[in-house]
1. Can you find, within the range 172-196, the residue that is nearest to the ligand (Cβ to nearest atom) among those that are hydrophobic (A, V, I, L, M, F, W, C) and open to solvent by 40 Å² or more (accessible area, probe 1.4 Å)?
2. Within the range 148-201, track down each residue that is part of a strand (DSSP E or B) and either of a type in the set (A, V, I, L, M) or at pLDDT below 95 (or both).
3. Go through V58, V21, V80 for me and flag whichever is of a type outside the set (G, A, S), open to solvent by less than 30 Å² (accessible area, probe 1.4 Å) and modelled with pLDDT of 95 or more.
4. Going by the structure shown, is N41 under 17 Å from the mean Cα position of the chain (by Cα) and more than 10 Å from the ligand (Cβ to nearest atom)?
5. Return the residue satisfying two criteria in turn: it lies in the range 87-117 and is small (G, A, S) and more than 16 Å from the ligand (Cβ to nearest atom), and of such residues it is farthest from the chain's Cα centre (by Cα).
6. Of (1) exposed (fewer than 12 other Cβ atoms within 10 Å of the Cβ); (2) at positive phi, G93 satisfies all except one. Which?
7. Would you tally the residues in the range 96-138 being buried (at least 18 other Cβ atoms within 10 Å of the Cβ) and at positive phi?
Amino acid sequence: MTQAETKRVAILLSGGGSNMVKLVESMQGDHPARPCLVLSNDPQAGGLAKARAMGVEVAAVDHRPFKGDRAAFEAALMEVIAPYQPDILCLAGFMRILTEGFVSQWTGRMLNIHPSLLPKYKGLHTHARALEAGDAEAGCTVHEVTPNLDDGPILGQARVPVEPGDTPDVLAARVLTMEHKLYPAVLRRFAAGNREMLTLS
Ligand code: GRF
């Protein structure tokens, strides 16, 4: 893989960044991509320190001063992202809703991981909702981002069983271990041009 062919990946997060860590760790050797930036909407996000410690450039655009003006917040995000010239954006626990104006600039180039077996349980509290529904299995999905929340072509899914006595936190931890396998596996394929759905269990 020549430098010109290597894809540049920017990762957006809001929290601890465990998925980001797995993505960055995966982008080595013959992997077709490399991380170029980790960006958070929360300057205090734990993921920023982890990325810095791994030698990845980091930045933050605090959404709060924008007071709900999503377009202005997204313009500020784009200003930070643009100089890094990423080929792919990975949302990894990025907890801001992005508008069509932003998403449409990254059509076919932006991925998200969601902790449910989409199309089930878009939005928040996915694990509690799976338990309330009495589902026998849960899981996670990596999909291309389109303007509708947690929608867009599915690139990969991983399933876990729901065990008797599971709480939302226990189930979330079981799903998270699969997120850490699924997201790097999907990104690797995606960066190489493969958009066929990957199933892990
Ligand atoms: C993950 O469960 C992700 O699917 C969800 O937020 C969580 C982020 O965890 N959207 P982390 O910041 O990657 O540890």
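1. Of the range 172-196, the ones hydrophobic (A, V, I, L, M, F, W, C) are 172-173, 175-176, 178, 182, 185-187, 190-192.
With the extra rule that they be open to solvent by 40 Å² or more (accessible area, probe 1.4 Å), the set shrinks to 173, 176, 192.
Details: A173: 10, L176: 5, A192: 23 Å.
So the residue we want is L176.
2. Answer for the range 148-201, where residues must be part of a strand (DSSP E or B) and either of a type in the set (A, V, I, L, M) or at pLDDT below 95 (or both): I154, L155, A158, V160, L198, L200.
3. Within the list V58, V21, V80, the selection yields V21.
4. Criteria met by N41.
5. G101
6. (1)
7. Number of matching residues: 1.
Okay, residues lined up against (1) touching a strand residue (DSSP E or B) at 6+ places or on another chain (Cβ under 9 Å); (2) open to solvent by less than 30 Å² (accessible area, probe 1.4 Å):
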site	(1), (2)
E144	yes, yes
N148	no, no
I154	yes, no
Q157	yes, yes
T167	no, no
V170	no, no
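The values are calculated or read from the model by the stated rules, or taken from the named source; none is laboratory data. Model, not experiment: these values are computed from the prediction. Heads up, the Cβs are rebuilt from the backbone with ideal geometry, glycines too, and the neighbour counts pull from every protein chain shown. The protein model used for the area step is the full one, side chains on, heavy atoms only, and it has no ligands, DNA or RNA in it. Shrake-Rupley method; radii C 1.70, N 1.55, O 1.52, S 1.80 Å.
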